[in-house]
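This report concerns only the one structure given below.
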Amino acid sequence: MAIKFDEVSRTFYLDGKDITYAFFINEYDYAEHLYYGKTIGHDDLRYTRGTFGGSAVVKLSRPDVKTAVKSYNHFGSELTFHGTGDYREPMVEVVNPAGDRLTQLLYDSHEILSGKPAIKGMPSMRGGETLVLHLKDKVSCLACDLYYTVYEDTGVIARRAVYKNESKDVIMLNRAYSFAMTLPHMEYDVVSLYGCWAKERKIDRIPMHHGVVSIDSKRTSSSATLNPFMALAEKNATEEQGNVYGISLIYSSSFVLKAEGTPDGRTLVTGGINDFDFKWKLESGEEFETPEVIIAYSTEGMGGMSRSFHDAFRNYLINPRFVRKHRPVVINNWEATYFSFDSEMLKNIAKAVEGTGIDTFVLDDGWFGKRNNDSAGLGDWVVNTDKLHGGLKEIIDYVNSLGMKFGLWFEPEMVNEDSDLYRERPDYAIGVPNRPHCYSRNQFVLDLTRKEVRDYIVESVNKVLQENHIEYVKWDFNRNVTESYSLGREPERQAEFAHRYALGLYDLCERIVEANPDVFFEGCSAGGARFDPGILYYFSQIWTSDDTDAEERTHIQYGTSMVYPLSAMSCHVSVVPNHQTCRMTPMATRADIAHLGATGYELDTSHFSDEDRAVVRKQVEEYHEIEDLILNGDLYRTENPMESNYFGFMVVSKDKKEAVLTAYRRMGGVNNEMKLLKVAGLDAEKVYHVSGLDMTLKGSTLMNVGVAPMFAGGDFMTVKYWFKEVGAR
Ligand code: GLA
């Protein structure tokens, strides 16, 4: 049993792999946080409560209870609420039928479940053992269930809240976050992943302070601006050492994560659905489910946190059917042709890579409706026979005859003004009557909050998938929502829009993925602008960035790996000069960096010489050699390209029998500095042969001394070293 309840101290102990999480029900029936960290004994931890507060606090109206701490404001918290003396960030804010905004959610009962109930209509992790804590406000009759799931084989905890209206009247939810928890001090740095198009998931690290540090998106998409992730890293925590708490929200719409430095010197962490532009009308008897948050605790710095997320997502989130299977090695035509192609050009691109090991041809944007540029066609999922003379069937048959699978691009959530769909149903696009639309890439977003709109999408996308032999789908989302408004809802429910969009999206994904269980799905959003665990639940990999330049990719993939496993990152080798940066990098470097994920190629191969083909064949062979590590291994980020001239990823098999180190040197030069590359994650006692350097050394030697890399002269060079166990000594 991973979850225990001590009836005397009313303490819950949740034990996961190497971690304990503890809280108790205090003398006011309040769920008071006690501890989250390394595994400890099931001792009475109430001695840690302290006496902060003095007399100038808002005391609880319970004179009968005689304890030192008398205010909600000073309890470590599992759920903060508003109006009764707690001035920290509340996890929930309501308007009760009487118009007051008070909440007092106190312990009622609990259950321990051997599994983990799924969330209705939203993605969540599987497995584990679950505690459900039932809290109630006896006056307003709002109830809240807090869910905690722990796992024996991973240190992460899954948390969420369900709010229930058990009153006879409407309760308005103005804020309904997923979790709250108190960390014992404020000596943290807050780490987040920020960015924009072509610069996704860069790393920010700022000191925690008194007041609130907030990470959010207001875009009805998780966004490239800030990823739904936050880490609190102790000041001295580094890549491989020190305590780090990581928080990752399984959600794809507007979110917020907050860390608040409170006057008692502790840190309150909370968040979930963004309460900016949010109100939810909860009718009598209704429930409101919040998205799940995954919390990882690591004593091995940021690297340990990442490995916990990677394992948790691979084991319990991503589609088990595909997560550890060989990934399609694609040739995608986007950067080769953009919108200007016909069947012959596509056939030439596919034919040119026959026999190289590239096994899937992905036809990107432009195959449907009047899609000759980005101002027409979205929404009309019927083949454009001016370009594909023999329809989809002919090109698919041709690709299949080369022994390759066929993949197709869709952008199901969108419509162009110049489309049959928009001409017929302009009301399907999101917009406010009598107000002009904002344009972005000449397209509008469809109103996924309406069932009839979703039905249209499901029907038209499924029709294409079911009438054709399509084995791979790239699902794109190229603009953010503006004019959030649905013609399908009454005025007082319009602020439900952003969350209802997420629910609509998940319904769409569910119905399309379920109807096509053999199809492999890749997510995409103007590059990697919706790279989040919610999307990853449905689509086993996500296009990481439109920026395919190897140098830029070292940054983007480094940042993305903070939370997401390598196998979740779709990475392509593209042409030089690079279309985004105009930079020239060697082909081998582009491949080595793109091979640190779910790899593919995206360039015009139709002019390939036999020599080019041979190069690609060799690269794909090499990729297959490391693919098992990419899918299943442990990642150690050995060199940080944001901090030095080098980038290094070392991927180690779970049994530590083999590993591969890919390292990159940005700038070459003469009389270069002495550089030993860091090596990590090996078994100190095992002996390894290092191919590429042809040396045999003990794990402890390799990890403490490093390896001396043999970079070729010039800029943007990579080296790749294999470590294979040859015994022990
Ligand atoms: C987005 C994607 C690209 C490509 C284009 C097509 O920008 O990120 O990979 O699919 O759309 O329009």
Which one, ILE358, VAL382, TYR338, projects farthest toward the positive side of the charge dipole computed for region 317-393 from Cβ point charges (K/R +1, D/E -1)? ILE358
Using θ = phi - 60° and the Karplus form 6.51 cos²θ - 1.76 cosθ + 1.60, what ³J(HN,Hα) does each residue of region 404-412 get, whole Hz, x for Gly and Pro? 10, 7, 10, x, 9, 8, 9, 10, x
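For the pairs LYS654/LYS698; LYS120/LYS202; LYS17/LYS258, flag any whose C-alpha to C-alpha distance is greater than 24 Å.
Numbers: LYS654/LYS698 18 Å; LYS120/LYS202 33 Å; LYS17/LYS258 26 Å.
Among LYS654/LYS698; LYS120/LYS202; LYS17/LYS258, the Cα-Cα distance tops 24 Å for LYS120/LYS202; LYS17/LYS258.
If you take all C-alpha pairs in region 106-201, what percent of them are over 21 Å apart?
When all Cα pairs of region 106-201 are counted, 52 percent exceed 21 Å.
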How many angstrom lie between the Cα centre of region 515-591 and the Cα centre of region 265-331? 20 Å
Which distance in nm do the two modelled labels at GLU394 and ASP64 give, with both placed 7 Å along the Cα-to-Cβ direction? 8.5 nm
Placing +1 on each Lys and Arg Cβ and -1 on each Asp and Glu Cβ in the chain, then taking the dipole about the Cα centre, the residue among LEU317, LEU34, VAL244 whose Cα reaches farthest towards the positive end is LEU34
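Quick one: work out Rg over Rh on the C-alpha atoms of region 520-674, Rh as Kirkwood radius.
Answer for region 520-674: 0.96.
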Out of residues 5 or more away from ASP715 or on other chains, whose amide H comes under 5 Å of its own, with H placed 1.01 Å from N in the peptide plane? GLY668
Around ASP189, which amide H atoms from residues at least 5 apart in sequence, or from another chain, sit under 5 Å from its own amide H, with H modelled in the peptide plane? MET208, ALA233, GLU234, LYS235
Taking 0.36 nm per residue of separation and subtracting the Cα-Cα distance, what length does fully extending ASP374 through HIS42 add? 113.4 nm
Taking only Cα atoms of region 199-295, the Rg to Rh ratio with Kirkwood Rh works out at 1.01
Would you mind calculating the gained length between ARG321 and TRP197 on full extension (0.36 nm times residue separation, minus the Cα-Cα distance), in nm to one decimal? 41.6 nm
Rounded to the nearest 20 debye, what is the charge dipole size of the chain about its Cα centre when +1 sits on each Lys and Arg Cβ and -1 on each Asp and Glu Cβ? 1120 debye
Using Cα pairs under 8 angstrom and six or more residues apart, how large is the relative contact order of region 642-699, in percent? 26 percent
Measure out, as a whole number of angstrom, how far apart the alpha-carbon centroids of region 602-645 and region 444-508 sit. 35 Å
Based on the alpha carbon coordinates of region 463-610, what radius of gyration and maximum Cα-Cα distance (Dmax) apply, in Å? 18.2, 65
Under Stokes-Einstein, with the Kirkwood radius over Cα pairs standing in for Rh, what whole-number D in µm²/s applies to region 272-355 at 37 °C and 0.692 mPa s? 176 µm²/s
Normalised alpha carbon radius of gyration of region 306-356 [divisor 2.2 N^0.38 Å]: 1.75
Using a basic spin-label model with each label point 7 Å from the Cα along Cα→Cβ, how many nm lie between VAL575 and GLU452? 4.6 nm
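I need the semi-axes of the equivalent ellipsoid of the chain: take the C-alpha gyration tensor, multiply each eigenvalue by 5, square-root it, list largest first in whole angstrom.
Semi-axes, largest first: 44, 35, 20 Å.
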In whole Hz, what ³J(HN,Hα) sequence does region 371-388 give by Karplus (6.51, -1.76, 1.60; θ = phi - 60°), x for Gly and Pro? 7, 9, 7, 8, 9, 9, x, 4, x, 9, 8, 10, 5, 8, 7, 5, 9, 9
Averaging sequence separations of C-alpha pairs under 8 Å and six or more residues apart, then dividing by the length of region 168-298, give the relative contact order as a whole percent. 35 percent
Rh_Kirkwood(region 639-706) over Cα pairs, Å, one decimal, evaluates to 13.0 Å
From the cross-link list LYS325/LYS656; LYS325/LYS675; LYS351/LYS474; LYS218/LYS451, which pairs have alpha carbons spaced over 32 Å apart? LYS325/LYS675
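Bear in mind that the values in this text are calculations on the coordinates, not laboratory data. What you see is a predicted model, and the numbers here were worked out from it, not measured in a lab. A quick note on method: Cβ atoms are made from the backbone with ideal geometry, for glycine too, and the neighbour counts reach across all protein chains shown.
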